[in-house]
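Here is the structure we will look at, set down as structure tokens.
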Amino acid sequence: MYERVFAMTEVVMTPSKKGKTTVIRIEKVNKSNLDQTQVAHMAGGQHSGLVINKQIAGTSLAHSHNVKINQSPSLAT
């Protein structure tokens, strides 16, 4: 079940810089909703599923209050 969910999503990291502060937004995105024009790097191999977006210029994510932490059940046996 978990393999199916992970196969349909990517972990997307989007950097934003305002002044001397850099913030990285990390979110899980469905592959069908991924904006390919914003992708700077897609990891492969053991890191497949990780995507680094291009930096958002002039936008500060530091003041975003839409923080949501999802904790999945442990996959360890």
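The values are calculated or read from the model by the stated rules, or taken from the named source; none is laboratory data. A quick note: this is a predicted structure, and the numbers were derived from the prediction, not measured. Heads up, the Cβs are rebuilt from the backbone with ideal geometry, glycines too, and the neighbour counts pull from every protein chain shown.
Spot the failing condition for M8; the list is (1) at pLDDT 90 or above; (2) touching a strand residue (DSSP E or B) at 6+ places or on another chain (Cβ under 7 Å), and only one is missed.
Result: M8 passes all but (1).
Within the range 11-23, does at least one residue satisfy the condition of being loosely packed, with under 13 Cβ neighbours inside 10 Å and either among the hydrophobic types (A, V, I, L, M, F, W, C) or touching a helix residue (DSSP H, G or I) at 6+ places or on another chain (Cβ under 6 Å) (or both)?
no
Counting only residues that are modelled with pLDDT under 80 and hydrophobic (A, V, I, L, M, F, W, C), which one in the range 18-77 is farthest from the chain's Cα centre (by Cα)?
A76
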